[in-house]
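Student: Sending over a structure as C-alpha cells; questions will come in a sec.
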Ligand SMILES: Cc1ncc(COP(=O)(O)O)c(C=O)c1O
C-alpha cells in the first residue's frame with residue numbers, strides 16, 4: 001500500500017485540478033500583472049477571477065480579500081493592523097489554544113512592546129466560556145483574536161456569538177480560520193467578523209499563498225510596505241501561480257464541501273470508534289460534537305507520542321503528535337495542557353486529520369495496525385496510571 005496520509009491539518013496534497021489550473025502561469029502566462037503590456041495584463045484577469053472565487057467561498061466582496069504568503073502572515077497582519085490603527089488601545093484578548101502564529105506574536109508584543117494580553121482558558125474539552133470573554137473586555141481592548149477551528153483537536157468555536165460580543169463592545173474581531181476554510185461553511189455577510197485569515201496549503205492549494213479578509217471600511221494598516229499591489233494593502237509582486245491555485249481550491253471546496261464532509265466524517269468516525277474500542281486507556285481529546293469533520297485527536301495513555309509516530313512511520317502511516325509546528329519538541333501540546341489533559345495522556349496524543357483523498361481501505365489498515373503498535377510500546381513504557389489534573393479553565397493576563 002502507498003503512504004497513508006492522515007496529517008491534513010499540517011498540510012494537504014495539491015488537488016490535480018488545482019495543479020492543472022496553475023501550471024500555465026509558470027511557463028506560458030508568466031507576466032507581471034502590474035505591467036503595462038497585455039502579456040502581463042492578461043494575468044491580472046486571472047487574479048481577478050481567483051479573488052472572486054475566494055470571495056464566493058467566504059461570501060464577501062472580492063476587494064475585501066488581500067492575498068498574502070501564508071496563514072501566519074495573515075494573522076500577523078491582522079493583529080498588527082488593529083494595534084497600529086488604534087494606538088491608544090493596548091490590550092489584546094485571545095485564547096490559550098491558538099496556533100503559535102498568534103500566541104508567539106502576542107508573547108512578543110507583551111515582552112518587547114508592552115501590550116497587555118488576556119489568554120482565555122478552556123474546559124477539559126477545549127471549550128471557551130463566553131462570559132469569561134465578555135468579562136475580559138476593557139476600554140483599551142484593541143482586538144479579540146479567536147480561532148474558528150483548532151488545528152490539534154478540530155474544535156469549532158462559536159464564532160458567530162463571539163463576533164457579536166466583539167461588535168456589541170466596539171472591539172475589532174479577527175479569527176484565524178486557517179483550519180476552517182474549505183472544511184466548514186463560512187458566511188461573512190451573516191457574521192460580523194472584521195478580519196479572517198486563511199492559508200492555501202490547508203485546502204489542497206500549494207504552500208506559500210494565503211489570504212486575509214478585511215471588512216470594507218475597517219481601518220487597515222499594511223504589514224508589508226512597498227509597491228501598490230493589493231490596492232496598497234500588501235506590497236510585493238503577486239504570487240500569481242499560488243493565487244490562481246488558491247482560487248481553484250476555493251471553487252472546489254465550494255462545489256464539493258457538503259458531499260466530501262459526509263464521506264470524510266464517516267471515515268473519521270469509523271477510525272475513531274474502532275481505535276477507542278480496541279485500544280485500552282485511549283481517550284478522545286476535544287469537543288466531540290462541535291468538531292471539524294476530518295479531525296480526531298486521540299491520547300493513548302502511558303506511551304510517548306513521538307514513539308508512536310515513529311512506529312506508524314514504519315508502516316508508512318503519517319499523522320502527528322501535538323501540532324506539526326511543535327512536534328520537534330518533547331513538550332506536550334499547549335492545547336492539551338490548556339485543557340488539563342494529564343501528562344501521561346497528553347504525551348501520547350496523536351492527531352489523525354483526513355481529507356478527500358483518504359479511502360476506507362486506508363482506514364481499515366490503520367485500525368488493524370494501531371493496537372499492536374500501542375501494545376508493543378506499552379511494554380517498554382516507564383509511565384504508570386496517573387490521576388487526571390484539573391482543566392485550566394482560568395484565563396490569565398500578562
Ligand atoms: C490554526 C492555524 N493557524 C495558522 C497556521 C499557520 O499557517 P501557515 O502555515 O500557512 O503559515 C496554521 C498552520 O498549521 C494553523 O493550523
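The values are calculated or read from the model by the stated rules, or taken from the named source; none is laboratory data. Nothing here was measured: the structure is a model prediction, and the numbers come from that model. Here the Cβ is made from the backbone with ideal geometry for all residues, glycine too, and neighbour counts use every protein chain on show.
Residues are listed down the side, and each one gets a yes or a no for (1) modelled with pLDDT under 95; (2) under 30 Å from residue 142 (Cβ atoms); (3) out of contact with any helix residue (DSSP H, G or I) (no Cβ under 9 Å at 6 or more places or on another chain):
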{"site": "202", "(1), (2), (3)": "no, yes, no"}
{"site": "211", "(1), (2), (3)": "no, yes, no"}
{"site": "229", "(1), (2), (3)": "no, yes, yes"}
{"site": "246", "(1), (2), (3)": "no, yes, no"}
{"site": "264", "(1), (2), (3)": "no, no, yes"}
{"site": "298", "(1), (2), (3)": "no, no, no"}
{"site": "305", "(1), (2), (3)": "yes, no, no"}
{"site": "311", "(1), (2), (3)": "no, no, no"}
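Student: For a quick check of your reading of the model, give me the residue pairs whose first member lies in the range 1-30 and is under 24 Å from residue 292 (Cα atoms) and touching a residue at least 12 places away in the same chain (Cβ under 8 Å), whose second is more than 16 Å from the ligand (Cβ to nearest atom) and in a strand (DSSP E or B), with beta-carbon atoms closer than 7 Å and at least 6 apart or on different chains.
Tutor: As it stands, the answer is 4/317; 6/317, since those pairs meet every condition given.
Student: If we keep just the residues of the range 171-193 that are surrounded by 24 or more Cβ atoms within 10 Å (Cβ to Cβ) and away from the ligand (no atom under 12 Å from the Cβ), which is nearest to residue 357 (Cα to Cα)?
Tutor: My answer is 182.
Student: Do we have residue 252 as over 16 Å from residue 71 (Cα atoms), more than 16 Å from the ligand (Cβ to nearest atom) and not in a helix (DSSP H, G or I) here?
Tutor: When the stated conditions are applied, residue 252 does not pass them.
Per-residue answers, yes or no, for (1) surrounded by 16 or more Cβ atoms within 10 Å (Cβ to Cβ); (2) touching a strand residue (DSSP E or B) at 6+ places or on another chain (Cβ under 7 Å):
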residue	(1), (2)
47	yes, no
65	yes, yes
72	yes, no
95	yes, yes
108	no, no
114	no, no
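Student: While we're here: Of the residues 9, 88, which single one is closer than 30 Å to residue 132 by Cβ, crowded, with 19+ Cβ neighbours inside 10 Å and modelled with pLDDT of 95 or more?
Tutor: It is 9.
Student: So, one more: Residue under question is residue 198, and the condition is that it be more than 23 Å from residue 129 (Cα to Cα), within 10 Å of the chain's Cα centre (by Cα) and within 16 Å of the ligand (Cβ to nearest atom); does it hold?
Tutor: Yes.
Student: Restricting to the range 283-302, name every residue that is surrounded by fewer than 22 Cβ atoms within 10 Å (Cβ to Cβ) and part of a strand (DSSP E or B).
Tutor: The answer is 283, 284.
Student: While we're here: Given the structure, is residue 207 within 16 Å of the ligand (Cβ to nearest atom), farther than 12 Å from residue 78 by Cα and touching a residue at least 60 places away in the same chain (Cβ under 8 Å)?
Tutor: yes
Student: Among the listed residues 51, 96, 90, 80, which satisfies the condition of being more than 18 Å from the chain's Cα centre (by Cα) and within 16 Å of the ligand (Cβ to nearest atom)?
Tutor: Result: 80 is the single residue among 51, 96, 90, 80 that is more than 18 Å from the chain's Cα centre (by Cα) and within 16 Å of the ligand (Cβ to nearest atom).
Student: Sort out which residues of the range 150-170 are buried (at least 20 other Cβ atoms within 10 Å of the Cβ) and more than 22 Å from residue 81 (Cα to Cα), and write them in order of number.
Tutor: Residues satisfying the conditions are 150, 151, 152, 153, 154, 155, 156, 157.
Student: Need pairs with beta-carbon distance below 6 Å; first residue under 21 Å from residue 320 (Cα atoms) and modelled with pLDDT of 95 or more and within the range 148-168, second more than 11 Å from the ligand (Cβ to nearest atom) and in a helix (DSSP H, G or I); sequence gap 6+ or separate chains.
Tutor: 148/159
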